[in-house]
Amino acid sequence: MNYNVDEKGYYGEFGGAYIPEMLYPNVEELRENYLKVIAEPDFQKEFNQLLKDYVGRPSPLYFAKRLSEKYNTKIYLKREDLNHTGAHKINNTIGQILMAQRLGKTRIIAETGAGQHGVATATVCALMGLECIVYMGEIDIARQAPNVARMKMLGAKVVAALSGSRTLKDATNEAIRDWINNPVDTHYIIGSAIGPHPYPDMVTRFQAIVSEEIKWQLKEQIGRENPDYVVACIGGGSNAAGTYYHYLHEPDVGIIAVEAAGLGIDSGESAATSVLGKEGIIHGCKTLLMQTKDGQITEPYSISAGLDYPGVGPMHAHLAKTGRAEFVSITDDDAMNAGLELSKLEGIIPAIETSHALAMFKYKTFKPDDVVVVNLSGRGDKDLQNYIDYFKI
Amino acid sequence: MNRINKKLQENKKLLSIYFTAGYPNINDTVTTIQNLEKNGVDMIEIGLPFSDPLADGPTIQDSSTKAIKNGMTSEVLFNQLKDIRKTVNIPLIIMGYFNPMFQYGMEAFCKKCQDIGVDGLIIPDLPVDIYNAEYKSIFEKYGLINVFLITPQTSEKRIRFIDSISNGFIYMVSSASTTGTQSGFGDQQTAYFKRIANMNLKNPQIIGFGISNHETFTQATQYAKGAIIGSAFVKHVTKHGVDTINTFTNTILN
């Protein structure tokens, strides 16, 4: 079984490029060039240099001793939270800004939900001196004020998405509309492993540095490259794609994907796409998505803005359908408690997205000798107010 | 012969109007169609609303959101249209995004269109390549014409390919934009209209996006077989409802 994208842009039955003709030249230009550009020695040199000197890679792989004792297994944390800007998102924006430059683009657009991808995009635009416009739902702008301020300090223009439910899905629609209206000079930096082919594959390749490092770090620390399990939280699925990439075809490595159950799978307030979603088309690809029986896309819910997306990347839809990955869903309450637990046991305050991945240990039992690597995808600074409100700190 | 092909053979410039089904009120669909035909419109695009219409500007987005709230679905639309051919003769095209049709089942959707007397479909996010590989035979089986879009950025090679796949007309998007964002045509657009007219394509072209009044309609139809008006008409029914459509069509045609 192949878990990577095929030459037509599909992962099994998922993926493809379901785009209006207005976007065809842009997406086709990218499709024709992305593999060639990524393979250029000059691109590789600049990408790796920036990941090292600017982002601060490699990110540590840390054996979490007290957390491991508590769950009676061997837990390693891949510290993406220590990257510049506080999450894995920057790996992708560095790659895409270099791609945009090589395609001669001078104007960058992006969508953002919680603002992490918006900040990571505004950061690389400042670094390269390119114009940056970030679309963000009006409701998210109100509830993520610090990240809006960060983007503005970095020189980006933040545009409110006023249509639909005024959250991430609508910000993505607005970014796509901007691209339709500016087809020549603009590159759209999608923040997750979603969108029309080649985006899911391109974003996955830029995030694949995560599992590439886990391999040699584990080898150094325990003498073997393969853990027994890799674990990541999934919204659209970019940190998960990076965590899994080099293990997809290693059958002895179990893959665990943790979705946001919100208030509970059956509550009507959830973002557990693998359970609640059906095959359909969203933002240019065929994947699993939450929708009405008439095919209208519905609004998901999670306490974590980064997992609050009605679809999932096509690679992950394929992993779910084939059973290669085990999907688990975690409620708001379990996630918040897991975030607090990691803070107290290891001195690390995780992003609420990441807390979902950690909460999985409450429900899934591992053998004492199992090596379980969790991608600690982001730090909790941005979520402090949420933690304060939830725990009445 | 399909009503669209027959209409395209008439020796006149065609006015096609887009409206959102179930808007402003859920039961306005049939009245809108009947009044458009009565007032000299040549062809109608019935908009099946979608929650996330990527190629549309605010006017059509808002009407779609409202229509969905009103209860519009594929099933409701088909029920409203079931007797439409008893009163209406001009070509009817359903314009909608792919996901609602995909959920209905593309074959079931096409069959229903044939039963009712819908003549064609416009699906902006179903690219010609995927259509050609996966859905073309279904459209042919049910006698439906699928209409493809081209834009000023579409390469000559791709336009020729789209022309070879098409069997009705080509929907020429007037500029790089979503719907309802342009006002008036400049030199760039005129040059693009001329360039396409000079390609001598086998399918006639109908220009859409940015047509809102008599002046832009006349400009567009200088270079093409017809023109499509969407957002401007949706704005009209938002203000005036669907009973006084003649006040809109009169300003375009006269």
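The values are calculated or read from the model by the stated rules, or taken from the named source; none is laboratory data. As the structure is a prediction and not an experimental result, all values here were calculated from the model. Backbone-built Cβ (ideal geometry, glycine too); neighbour counts: all protein chains shown.
Limited to the stretch A:342-357, what total is found for residues that are part of a helix (DSSP H, G or I) and in contact (Cβ under 8 Å) with a residue 40 or more places away in the chain?
Qualifying residue count for the region: 9.
Name the residue that is surrounded by the fewest Cβ atoms within 10 Å (Cβ to Cβ), counting only residues in the stretch A:192-213 that are within 17 Å of A:T287 (Cα to Cα) and of a type in the set (V, I, T).
A:T204
Being at pLDDT 95 or above, under 30 Å from A:A160 (Cβ atoms) and more than 9 Å from chain A (Cβ to nearest Cβ) is the requirement here; does B:K69 meet it?
Criteria met by B:K69.
When the stretch B:50-78 is examined, which residues are found to be outside any helix (DSSP H, G or I) and touching a Phe, Trp or Tyr at 6+ places or on another chain (Cβ under 7 Å)?
Correct list: B:F50, B:P53.
For a quick check of your reading of the model, give me the residue pairs whose first member lies in the stretch B:83-112 and is away from chain A (no Cβ under 14 Å), whose second is in a loop (DSSP other than H, G, I, E, B) and small (G, A, S), with beta-carbon atoms closer than 6 Å and at least 6 apart or on different chains.
Between residues of the stretch B:83-112 that are away from chain A (no Cβ under 14 Å) and residues that are in a loop (DSSP other than H, G, I, E, B) and small (G, A, S), the close pairs are B:R85/B:G117.
Given the structure, is A:G306 assigned to a loop (DSSP other than H, G, I, E, B) and among the small types (G, A, S)?
The answer is no for A:G306.
How many of the residues in the stretch A:175-191 are within 11 Å of chain B (Cβ to nearest Cβ), surrounded by 24 or more Cβ atoms within 10 Å (Cβ to Cβ) and of a type outside the set (A, V, I, L, M)?
1
I'm told A:M1 meets every condition in (1) touching a helix residue (DSSP H, G or I) at 6+ places or on another chain (Cβ under 8 Å); (2) at pLDDT below 95; (3) within 14 Å of chain B (Cβ to nearest Cβ) except one. Can you identify the failing condition by its number?
Unmet condition: (3).
With the condition being out of contact with any helix residue (DSSP H, G or I) (no Cβ under 9 Å at 6 or more places or on another chain), I'd like the helices (runs of 4 or more DSSP H) fully within the stretch A:174-283 carrying at least 1 qualifying residues.
In the stretch A:174-283, the matching helices (runs of 4 or more DSSP H) lie at A:209-222.
Name, by its number, the condition in (1) under 25 Å from A:L82 (Cα atoms); (2) of a type outside the set (A, V, I, L, M, F, W, C); (3) more than 17 Å from the chain's Cα centre (by Cα) that does not hold for A:G118.
Condition not satisfied by A:G118: (3).
Please give the helices (runs of 4 or more DSSP H) falling wholly within the stretch A:59-154 in which 3 or more residues are polar (S, T, N, Q) and crowded, with 24+ Cβ neighbours inside 10 Å.
In the stretch A:59-154, A:89-102, A:116-128 are the helices (runs of 4 or more DSSP H) which contain 3 or more residues that are polar (S, T, N, Q) and crowded, with 24+ Cβ neighbours inside 10 Å.
Within the stretch B:203-237, restricting attention to residues that are over 18 Å from B:K12 (Cβ atoms), part of a helix (DSSP H, G or I) and of a type in the set (G, A, S), which residue is farthest from the chain's Cα centre (by Cα)?
B:A232
Which count do you get for residues in the stretch B:160-195 that are in a helix (DSSP H, G or I), surrounded by 14 or more Cβ atoms within 10 Å (Cβ to Cβ) and within 14 Å of another protein chain (Cβ to nearest Cβ)?
5
Condition check: at pLDDT 95 or above, among the small types (G, A, S) and closer than 19 Å to A:L376 by Cβ. Does A:G56 satisfy that?
Yes; evaluated as a whole, the condition is true for this residue.
Let me confirm something: among A:L130, A:L82, A:L154, A:L67, which residue is outside the structural domain of A:S302 (by TED's automatic domain parsing) and farther than 24 Å from A:V184 by Cα?
None of the others qualify; the one that does is A:L154.
Taking the stretch B:145-159 as the region of interest, how many residues are farther than 23 Å from B:Q219 by Cα and at the interface with chain A (Cβ under 9 Å from one of its Cβ atoms)?
2
If B:I130 meets every condition in (1) assigned to a helix (DSSP H, G or I); (2) at the interface with chain A (Cβ under 8 Å from one of its Cβ atoms); (3) within 23 Å of B:G230 (Cα to Cα) apart from one, which number is that one?
All conditions pass for B:I130, except number (3).
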